[in-house]
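Please read the structure below before turning to the comments.
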Amino acid sequence: MALSYLIKNGIALPALIFLLLLNPFSGVSGVGINYGTLGNNLPSPKRVAQLLQSTLIDKVKIYDTNPDILEAFSNTGIDLIVAVENYLVSNVSSSASAADEWFSTRIVPFIPATSVIAIAVGNEYLTTDDDKLDHNALVKAMQNLHQVLLSRGLDRKIKVTTPHSMAVLASSFPPSASTFATTLLPTMTAIVGFLADTGSPFMVNAYPYFAYRDNPAMVNLEYALLDNSTGVRDPKGYMYTNMLDAQIDAVRSAAAALGFGNRSVEITVSESGWPSKGDAGETAAAPDNAKTYITRLIERAQSNKGTPMKPRDSVEIFVFALFNENKKQGGVSERNFGIFNSDGSKVYDVDLSCKFCSSNGNKMGFGEKVSGMARGPSVWCVAKPHADEKVVQAVLDFCCGPGGVDCREIYEKGDCFEPDKVHAHASYAMNAYYQMHGRNYWNCDFKGTGLVTFSDPSYGKCSYSQQ
């Protein structure tokens, strides 16, 4: 454990924390999930928000600005990505005042209590079947919303982007030769330029499942399921052991081919999943395959690894989806991408537990009762499971230094030394600071890395203080 709280790599502590927090997408190895609501028996947003705090999910992407969801996720420590629905893009693009009205009425009432970190303008807007959608309106809507954020001083906290389908590419293989579809080049050039200028991620909905379903004779199932030891070689020498990495690099190549030089854009997988059920011909749509894919996808998201083309550039991933949605249009598989059924029971067993969450790491489904979650006047403060480790270390240094916390229990041979992890040590120190200063909510903020919990995080001989 480092206690060099006065100077960290030559930068004063407050400046270090500020610099690290400028980009909410940087240095994060958490797991996001898509929360769709096209079902008639879904748990309430409040229940969903409460239980996601007990999992490794630290970001949630929704498809609108549902006020019940925005309210439910306030003060949860979970980041939200909200959306401008496709049919509203034209209106938001019409003028700066229209964009400001959209933001003022739909987002402002809920921030900062609800942590909104991005606005997704449309969803697969450029590749929908609706001929009435104006491609230029998408770019203008993004620009208008960014200007609104800029005028309010929120452009560093909230990014503006748009999720694409893989259909924006002329071809996706080989990844190193991928380009955007010729008809979309002007629009994609404008979008990628905007993302580079604003430090926003390029979002792509990538589904190896559909590639396998549509061409099972040519696509290896294990390759689609994210684990093929033999691999597929790109002509430029890159070796791919799974299709998702190849799809990500295909998008990367297409963006690079636009000629923006060193102005690179981060890639975010805004949707990826596997159905547990499908129509008669969809033989790979099965619970075992879905469990395998999602388990490996979560491991991939948490690995903080890049792709063969950019091994050091981690990729943020949003799992699709939280629930099966029985009112969704399309084939059977479209309604069966969820980890949970609409009533809250698990479709298949996938481990979403995490240490130092509000459930003490208990596995839980949305329909399950969880033992050992006594709630009452006691409340604790812990580190968010996927907060940037450098920021958490800086917070730990502060608490054990000028913050005045007695940190002897997290030194070697102390009762709370194990596990010897930064987040574990920081949770102990942050809680002690929180309790010392009267348990005000702002005393558990720690530059957005703290999370208030009603569940005692004590374990073994390690006792977390409380009032």
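For the chain, the longest principal axis of the C-alpha atoms and the axis of helix 422-436 are separated by about 50°. Whole-percent P(r), the stretch 96-239, all Cα pairs, 5 Å bins from 0: 2, 8, 15, 18, 16, 13, 11, 9, 5, 4, 1.
Using C-alpha pairs under 8 Å with a sequence gap of at least 6, the mean separation divided by the residue count of the stretch 61-135 gives a relative contact order of 40 percent. Annotation: amide H-H contacts under 5 Å for V319 (H modelled 1.01 Å from N, sequence separation of 5 or more, or interchain): G32, I33, N34.
Under 5 Å between amide hydrogens, built in the peptide plane, is the criterion, and for V116 it picks out L80 among residues at least 5 positions away or on other chains.
In the stretch 118-261, Cα pairs under 8 Å separated by at least six residues give a relative contact order of 25 percent.
Once the Cα atoms are used to define both axes, helix 243-256 deviates from the longest principal axis of the chain by about 80 degrees.
Heavy-atom accessible surface of the stretch 157-280, averaged per residue, reaches 39 Å², computed with a 1.4 Å probe.
For the stretch 228-241, putting each phi into the Karplus relation 6.51 cos²θ - 1.76 cosθ + 1.60 with θ = phi - 60° gives couplings of 10, 5, 6, x, 10, 9, 7, x, 8, x, 5, 10, 10, 9 Hz, in residue order, rounded to whole numbers and with x for Gly and Pro. Three semi-axes describe the equivalent ellipsoid of the stretch 380-453; taken as square roots of 5 times the Cα gyration tensor eigenvalues and ordered largest first, they are 17, 14, 11 Å. Rolling a 1.4 Å probe over the protein heavy atoms of the chain, with every protein chain left in place, gives an accessible area that is 50 percent carbon and sulfur. Mean sequence separation of contacting Cα pairs (under 8 Å, at least six apart), scaled by the length of the chain, corresponds to a relative contact order of 17 percent.
Of all DSSP bridge pairs formed entirely within the stretch 31-340, close to 10 percent run antiparallel. Each pair of Cα atoms in the stretch 226-327 enters the Kirkwood radius, and Stokes-Einstein at 4 °C and 1.567 mPa s then converts it into a translational diffusion coefficient of 85 µm²/s. Computed with a 1.4 Å probe over protein heavy atoms only, the accessible surface of the stretch 380-453 comes to 43 Å² per residue.
A straight Cα-to-Cα reach below 19 Å connects K236 with the lysines K310, residues fewer than 8 places away in its own chain not being considered. Based on alpha carbons, the Rg and Dmax found for the chain are 22.5, 67 Å.
The values are calculated or read from the model by the stated rules, or taken from the named source; none is laboratory data. Because the structure is predicted, anything quoted here is derived from the model rather than measured. Each accessible area value is taken on the protein alone, full model and side chains, heavy atoms only, with ligands, DNA and RNA left out. Shrake-Rupley method; radii C 1.70, N 1.55, O 1.52, S 1.80 Å.
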